[in-house]
2 protein chains.
Amino acid sequence: MLFKNITIIDEKIQVKENIYVGVEGDTIDYIGETEPEKDYGQQYDGKGRLLMAGFVNAHAHSPMTLLRGYGENMALQDWLNKKIFPFEARLQGEDVYWGTLLAMAESIRYGIVSTTDMYYLTENMVNAVVESGAKANISRAITNMTGRDLFTMEEFYEEKNAVELFDGAGDGRIKIDASLHAEYTSDPDTAMKLAQYAKQAGLNMHVHVSETAFEHEECKRKYGMTPVAYLNSRGIFDTPTTAAHCVWIEGEDFDILKEKGVTVASNPISNMKLSSGVCNVPKLLEQGINVAIGTDSVASNNSLDFIEEIKTFAIASKEKYKDPTAVTPVQAIYAATFGGARSQGRWDCGKLETGCKADLIVLDITGPNMHPVHDLITNLVYSACGKDVVMTMVDGKILYQDGEYKTIDIEKVIYNVERSTARILKELDSNELVTRG
Amino acid sequence: MLFKNITIIDEKIQVKENIYVGVEGDTIDYIGETEPEKDYGQQYDGKGRLLMAGFVNAHAHSPMTLLRGYGENMALQDWLNKKIFPFEARLQGEDVYWGTLLAMAESIRYGIVSTTDMYYLTENMVNAVVESGAKANISRAITNMTGRDLFTMEEFYEEKNAVELFDGAGDGRIKIDASLHAEYTSDPDTAMKLAQYAKQAGLNMHVHVSETAFEHEECKRKYGMTPVAYLNSRGIFDTPTTAAHCVWIEGEDFDILKEKGVTVASNPISNMKLSSGVCNVPKLLEQGINVAIGTDSVASNNSLDFIEEIKTFAIASKEKYKDPTAVTPVQAIYAATFGGARSQGRWDCGKLETGCKADLIVLDITGPNMHPVHDLITNLVYSACGKDVVMTMVDGKILYQDGEYKTIDIEKVIYNVERSTARILKELDSNELVTRG
């Protein structure tokens with residue numbers, strides 16, 4: 001495909017106008033001010049359109065779309081114990097499959113090309129993402145809490161099969177990561193064994209870190225160390241790691257994250273909605289720590305509108321850390337694109353650069369919300385609407401364009417999501433009756 | 001028009017399905033579960049659609065769309081003195097007209113049917129709003145700062161003409177309010193005279209209150225009173241008042257606002273983006289003070305996406321006041337609709353109720369972002385996208401539907417906005433050159 005006379009955001013996150021971009025196979029083959037001689041097939045008229053690298057959602061639990069708006073306005077423990085955990089305990093493979101496909105449909109609609117995704121029944125997630133045409137780093141979250149043993153040590157070793165079976169699926173669009181769910185949902189031995197396994201198998205790591213003050217303080221009380229120091233002592237950061245949240249990190253935590261090359265995936269909307277706090281993104285950026293942006297699950301967001309997430313990422317820090325100059329639009333777009341791609345170990349993604357993968361999105365910039373144009377990148381971060389995305393392409397293949405999904409039967413997905421949800425709610429209802437009886 | 005088999009949010013902010021709603025002239029004439037016998041003309045198929053009261057933007061400076069994204073990432077005083085004030089000083093009537101029309105186009109696109117608007121050169125705002133078909137309470141902001149006398153005492157008295165000329169324009173769609181810009185931009189005598197005038201003329205009042213900690217503390221130092229107490233002592237609240245921001249109000253301020261029936265217009269995105277803070281909406285609601293939602297100007301937002309504003313209104317409070325149960329979706333929708341309408345003195349607006357004005361919006365609720373439906377109002381607040389609005393109607397007249405503006409020539413508006421902006425930037429540039437020379 002050849003994009004003609006289109007405005008782009010280039011690999012340096014600078015705006016250029018009237019550019020030609022040629023896509024050959026899954027790769028960006030040409031970027032230039034003049035029309036290339038080579039024939040790239042289909043042509044796309046770039047008038048009033050912005051072409052840029054697609055967004056990377058650096059922390060998600062895709063199947064939880066099924067819990068969108070389920071159990072709202074509750075305190076965290078009530079919400080988890082009375083709503084989320086009982087619902088999740090009833091999830092079957094096909095529920096996870098349909099929930100993930102719904103997440104992919106919404107993600108693609110909002111310009112997300114790749115997701116760092118942590119859940120369980122992961123083979124169903126793999127199938128859904130492969131079908132959708134999107135990319136994902138998928139991990140089974142390892143826990144060994146007593147009481148709620150969703151994930152046992154046995155499942156932990158099954159992970160090896162997951163890697164053999166699924167890593168590289170969908171022509172490399174799927175990567176399998178290791179995942180320790182969190183410090184507080186596992187013991188030191190499990191954390192260490194998983195760290196060793198990940199390192200030996202060459203897998204990236206995905207872990208929740210210091211999301212709430214309670215979790216952070218409890219860890220200090222229990223181990224005499226912050227979660228970051230504890231996880232580091234277990235070897236978790238010896239493999240490239242995405243640490244989700246990091247709202248309450250302090251002191252030497254910043255040094256450890258920096259030294260170990262950990263990416264912090266900030267989830268501003270979820271953190272605000274659950275009253276968890278606001279990640280100190282300005283300090284992370286100042287220290288040169290890689291920062292990416294995540295939506296967290298739809299159960300605590302409750303959307304995958306990534307432009308909304310990017311805007312919130314910037315303004316939440318400005319408010320919390322009392323500095324209107326903190327987190328510039330360029331920093332926000334970097335975090336939303338290449339910041340996420342490198343956290344996934346996809347060094348040839350997340351950038352509009354020759355030789356990189358053609359994971360691209362097109363936005364309609366003709367609307368009243370995008371004028372006047374004093375600075376297009378500022379307009380993109382603060383004034384654009386999620387649904388200004390009009391095309392999403394992954395590995396050179398169009399997945400969504402102008403209201404139409406190319407790989408997903410959206411009516412069928414919504415039908416099955418509603419069916420899964422209804423079945424689980426019915427099961428929960430009859431269980432309640434039994435208990436009452 | 002007859003909406004058929006449509007899902008609605010009714011006047012109690014409850015969801016009802018398969019409803020018939022008949023609009024006769026400018027009024028909601030029928031709401032029922034059965035098809036009315038009366039012929040309402042054009043029929044609208046409600047399948048997959050949500051009908052509700054349109055949004056009321058309770059605090060805005062519409063002409064400042066011209067400054068969207070102009071002067072970003074700056075500290076507040078730098079931003080105001082080096083960017084905003086010099087730009088504004090060059091605004092002419094036609095700039096204000098085109099800027100307001102652009103704001104109306106964006107507002108209508110996002111389901112805003114009425115705006116409480118404070119600026120100057122107000123006759124141009126009136127003309128633009130009347131043309132657009134939307135509603136607005138328009139006020140000229142009175143200041144008498146030394147140094148930057150945009151608004152003089154002479155203009156203050158001209159207000160009487162504004163009222164005579166414009167109040168009730170556009171078949172009552174325009175209301176003229178009085179406005180004291182703020183405590184810190186006027187003296188006690190001006191505040192008192194304006195309060196007396198507003199009361200005698202029967203005008204609502206629009207005023208900025210305790211937006212920043214600096215302003216709040218300076219007032220206490222200067223007058224030994226908080227801004228709320230000071231404004232009350234001047235009689236400002238003796239007329240129905242919309243107090244914008246109220247981020248730093250404290251102690252007895254809450255009692256005064258409650259006793260005087262003042263509406264607080266909270267502007268969460270602007271307040272976060274400028275590092276001003278987060279209004280204590282949970283406490284205001286707890287005390288029974290009317291709360292509405294505003295976008296503030298596009299220069300500090302930078303959009304008029306009202307669904308985004310509503311979501312931020314809820315989650316900003318949850319984070320700041322450490323309570324995930326604070327500000328329910330129903331409270332947020334109330335604030336976004338009737339909370340705003342009553343602050344404008346439009347008691348027959350902001351509700352989907354028989355006999356009320358047909359200021360209605362329709363949302364497409366078929367998208368992946370709106371499924372599954374555990375609770376539609378929760379989905380509306382947290383999962384909907386601004387551009388899910390597919391129709392906006394004011395006084396029974398469709399202003400926007402499915403990508404098409406019925407009253408606004410959007411290409412012409414954008415052309416003229418860019419032209420105005422370019423002229424002002426050129427003037428600023430040549431001034432700079434002169435200074436350098």
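Quick note: the coordinates plus some simple rules give every number you see, no bench work behind them. Here the structure is a predicted model, which is why all the values come from computation and not from measurement. Note that each Cβ is placed from the backbone with ideal geometry, even for glycine, and that neighbours are counted across all protein chains shown.
Relative contact order of region A:202-328: 21 percent, from C-alpha pairs under 8 Å at least 6 residues apart in sequence. Exposed loop sites were defined as GluC sites (Glu not before Pro) in DSSP loop states (anything but H, G, I, E or B) carrying at most 15 other C-beta atoms within 10 Å; in chain A the longest segment without such a site runs A:38-249.
Considering only A:GLY41, A:MET391, A:ILE142, the residue lying farthest towards the positive end of the dipole of chain A is A:ILE142, judged by Cα position with unit charges set on Cβ. For the pair A:GLN77 and B:LYS82, label points projected 7 Å from Cα toward Cβ lie 5.0 nm apart. Each residue of region A:413-422 is assigned a 3J(HN,Hα), and the resulting list reads 5, 5, 4, 6, 5, 5, 5, 4, 4, 4 Hz, derived from the Karplus form 6.51 cos²θ - 1.76 cosθ + 1.60 (θ = phi - 60°), x at Gly and Pro. Label point of A:ASN431 (7 Å along Cα→beta-carbon): distances to the other copies' equivalent points are 6.7 nm, sorted ascending. Region B:319-348 and region A:71-117 have Cα centres spaced 28 Å apart. Please identify the trypsin sites (Lys or Arg not before Pro) of region B:1-81 that satisfy two criteria: DSSP loop assignment and at most 16 other Cβ atoms within 10 Å. Which are they? Filter output for region B:1-81: B:LYS12, B:LYS38, B:LYS47.
Shape verdict for region B:55-343, please, from the Cα gyration tensor: rounded (a/c under 1.5), prolate (a/b greater than b/c) or oblate. Rounded is the answer for region B:55-343, as its axis ratio a/c remains below 1.5. Using a simple spin-label model with pseudo-atoms 7 Å out from Cα toward Cβ, B:ARG90 and B:LYS38 lie 5.4 nm apart.
Tell me whether region A:372-434 comes out rounded, prolate or oblate; compute the Cα gyration tensor, take square roots of the eigenvalues as a ≥ b ≥ c, and use a/c under 1.5 as the rounded threshold. Kindly include the intermediate steps, with their values, before the conclusion.
Numbers: a/c = 4.59, a/b = 2.07, b/c = 2.22.
Oblate, because a/c is 1.5 or more while a/b does not exceed b/c.
Around the amide H of A:LEU180, modelled in the peptide plane, lie the amide H atoms of A:ILE142, A:HIS206, all under 5 Å away and 5 or more residues distant in sequence or on another chain.
Charge tally around A:GLU94: other residues with Cβ under 11 Å, Lys/Arg +1 each, Asp/Glu -1 each, net +1. What lysines could a cross-link reach from A:LYS220, if we take a straight Cα to Cα line under 23 Å and drop same-chain neighbours fewer than 8 places away? Straight-line reach from A:LYS220, under 23 Å: A:LYS193, A:LYS258, A:LYS260, A:LYS283, B:LYS322.
The chain A residue nearest the rotation axis shared with chain B, using its Cβ and rounding the distance to whole Å, is A:LYS387, 2. Contact order, relative form, for chain A: 20 percent (alpha carbon pairs under 8 Å, 6 or more residues apart, mean separation divided by residue count). Label-point spacing at A:GLY32 relative to the other copies reads 7.0 nm, in ascending order, each point sitting 7 Å out from Cα along Cα→Cβ.
When the chain is fully extended, how far beyond the present Cα-Cα distance does B:GLU131 get from B:GLU411, taking 0.36 nm per residue of separation?
Working: separation 280, 0.36 × 280 = 100.80 nm, distance 1.54 nm.
Between B:GLU131 and B:GLU411, full extension yields an extra 99.3 nm.
Measuring between their Cα centroids, region B:12-68 and region B:352-396 lie 9 Å from each other.
Histogrammed with a bin width of 10 Å, the alpha carbon distances of region B:1-57 distribute as 24, 57, 18, 1 percent, first bin at zero.
Taking region B:75-109 and a reference point 7 angstrom along Cα→Cβ of B:ARG221, the backbone N atoms nearer than 18 Å belong to B:76-78.
Per residue of chain B, what 222 nm ellipticity follows from adding -39500 (n - 2.57) for every DSSP H run with n ≥ 4, rounded to the nearest 500?
Details: 15 runs with 162 residues, N = 437.
Theoretical 222 nm ellipticity from helices: -11000 deg cm²/dmol.
Summary for A:TYR415: label point 7 Å along Cα→Cβ; distances to the equivalent points in the other copies, ascending, 4.8 nm.
Based on Cα contacts under 8 Å between residues 6+ apart, region A:248-390 shows a relative contact order of 20 percent. Couplings for region B:264-277, taken from phi via the Karplus curve 6.51 cos²θ - 1.76 cosθ + 1.60 with θ = phi - 60°, read 9, 9, 8, 10, x, 5, 4, 5, 6, 5, 8, 6, 7, x Hz in order; Gly and Pro are left as x.
Let a ≥ b ≥ c be the square roots of the eigenvalues of the Cα gyration tensor of region B:265-358; is it rounded (a/c under 1.5), or, if not, prolate (a/b larger than b/c) or oblate? Because a/c hits 1.5 or more and a/b fails to exceed b/c, region B:265-358 counts as oblate. Amide H contacts for B:PHE55 (H built 1.01 Å from N in the peptide plane; partners 5 or more residues away or on another chain; cut-off under 5 Å): B:ILE112, B:VAL113. Can you give the FRET efficiency for A:THR27 and A:THR366, using 1/(1 + (r/R0)^6), R0 = 30 Å, r = Cβ-Cβ distance, to the nearest 0.05? Given R0 = 30 Å and the Cβ-Cβ separation, E is 0.55. Sequence-ordered 3J(HN,Hα) estimates for region A:358-371 from the Karplus curve with 6.51, -1.76 and 1.60 and θ = phi - 60° stand at 7, 9, 10, 10, 10, 10, 7, 10, 8, x, x, 5, 9, 10 Hz, glycine and proline given as x. In this simple spin-label approximation, A:THR325 and A:LYS397 carry label points 7 Å from Cα along the Cα→Cβ vector, and these lie 4.7 nm apart. For the pair B:SER430 and B:LEU165, the difference between a 0.36 nm per residue extended length and the Cα-Cα distance amounts to 91.7 nm.
Scan region A:271-319 for trypsin sites (Lys or Arg not before Pro) in coil per DSSP, keeping those whose Cβ has at most 12 other Cβ atoms within 10 Å, and list them by number.
On the way: sites: A:LYS273, A:LYS283, A:LYS311, A:LYS318; in loops: none.
When the trypsin sites (Lys or Arg not before Pro) of region A:271-319 are filtered for loop state and at most 12 Cβ neighbours within 10 Å, nothing remains.
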